[in-house]
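As C-alpha cells, the structure follows; a few thoughts come after it.
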Amino acid sequence: MMNNSALPERYGLVGHPVGHSRSPFIHAMFARQTGQHITYELIDAAPESFRSEEHTSELQSRGLISYAV
C-alpha cells in the first residue's frame, strides 16, 4: 500500500533534449504497481552548458535520490 503522507522519493533524467522521454510515465506506472511514492523529473541540460560538478550540486540541492544522464 502506498504511503502518500510522506514526500515522494525524487528521481530524474538529465539530458538534451528530454521532452520526448517516456521515463516519467514508465516510472510512474512501475511505482503504482509496486506501491512506491516517487516522482521522476526531466531536467534539460544542453551539452555545451553541462558541467558535471555544477549539475551534480544542483541535482543534490533539488533532493534527487538518483538520476540518469
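The values are calculated or read from the model by the stated rules, or taken from the named source; none is laboratory data. All values derive from a computational prediction rather than experimental measurement. Cβ: placed from backbone, ideal geometry, glycine included. Neighbour counts: every protein chain shown. The accessibility values were calculated without ligands, DNA or RNA, using every heavy atom of the protein model including side chains. Shrake-Rupley method; radii C 1.70, N 1.55, O 1.52, S 1.80 Å.
Candidates are the residues of segment 1-52 that are among the aromatic types (Phe, Trp, Tyr) and under 14 Å from Val69 (Cα atoms); the one that is modelled with the lowest pLDDT is Phe50.
Listed conditions (1) under 11 Å from Gly12 (Cα atoms); (2) touching an Asp or Glu at 6+ places or on another chain (Cβ under 9 Å); (3) open to solvent by less than 70 Å² (accessible area, probe 1.4 Å) are all met by Ile65, apart from (3).
In segment 20-44, what residues are surrounded by fewer than 14 Cβ atoms within 10 Å (Cβ to Cβ) and of a type outside the set (Asp, Glu)? Listed by number, the residues that qualify are His20, Arg22, Phe25, Ile26, Met29, Phe30, Arg32, Gln33, Thr34, Gly35.
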